[in-house]
Amino acid sequence: MGALTAPYVLLRYVAPDGVPVWLEGQCLVGTIEARTHDSVLPALMQVEQATARGLTAIGFVAYEAAHGLDSAFPRADAPLPLVWFAVYEGVRVYSPRAGRVRVGARPTVS
């Protein structure tokens, strides 16, 4: 099986009623990432702009990104991006019957 050609996000969400569901991103618009401390705030501003337009952003801010938010925090390097988000038009409840997740596919971070 080949590598995935586009980011695929599947996440477990616990709804306010306490019932967990699996959600998957639908219709990828693009990705936002920061690999340097100077690019952390601009990347987070892009995420904020995307969600203000009604898009859904799913991703992470690494612990090591703190220096990019406030120089009082120590500078730390990370093997992953400091900020990474996939931006989608929306999400839907994942149904295992749809067969979208390929067993053996290798996840990548780019």
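Brief remarks on what is shown
- Just one of the listed residues (Leu23, Leu82, Leu28) is in contact with a helix residue (DSSP H, G or I) (Cβ under 9 Å, 6 or more places away or on another chain) and hydrophobic (A, V, I, L, M, F, W, C), and it is Leu82.
- The set of residues from the stretch 1-55 being of a type in the set (Lys, Arg) and either under 18 Å from His67 (Cα atoms) or in contact with a Pro (Cβ under 8 Å, 6 or more places away or on another chain) (or both) comprises Arg12, Arg35.
- Val40 being of a type in the set (Val, Ile, Thr) and within 20 Å of Val9 (Cα to Cα): no
- Taking the stretch 36-93 as the range and being in contact with a Phe, Trp or Tyr (Cβ under 7 Å, 6 or more places away or on another chain) and in a helix (DSSP H, G or I) as the test, the residues that pass are Val47, Ala66, His67.
- Residues of the stretch 61-97 that are closer than 20 Å to Arg12 by Cα, modelled with pLDDT of 95 or more and of a type in the set (D, E, K, R): Glu89 alone.
- Looking only at the stretch 61-96, and only at residues there that are surrounded by 14 or more Cβ atoms within 10 Å (Cβ to Cβ) and of a type in the set (Ser, Thr, Tyr), the one that is nearest to Glu24 (Cα to Cα): Tyr94
- Subset of the stretch 18-35 (residues that are touching a residue at least 40 places away in the same chain (Cβ under 8 Å) and either part of a loop (DSSP other than H, G, I, E, B) or not β-branched (Val, Ile, Thr) (or both)): Trp22, Leu23, Glu24, Gly25, Gln26, Cys27, Leu28, Gly30, Glu33, Ala34, Arg35
The values are calculated or read from the model by the stated rules, or taken from the named source; none is laboratory data. Just so we're clear, the structure is a prediction, and the values are computed from it rather than from any experiment. We place every Cβ from the backbone using ideal geometry, glycine too, and count neighbours over all the protein chains shown.
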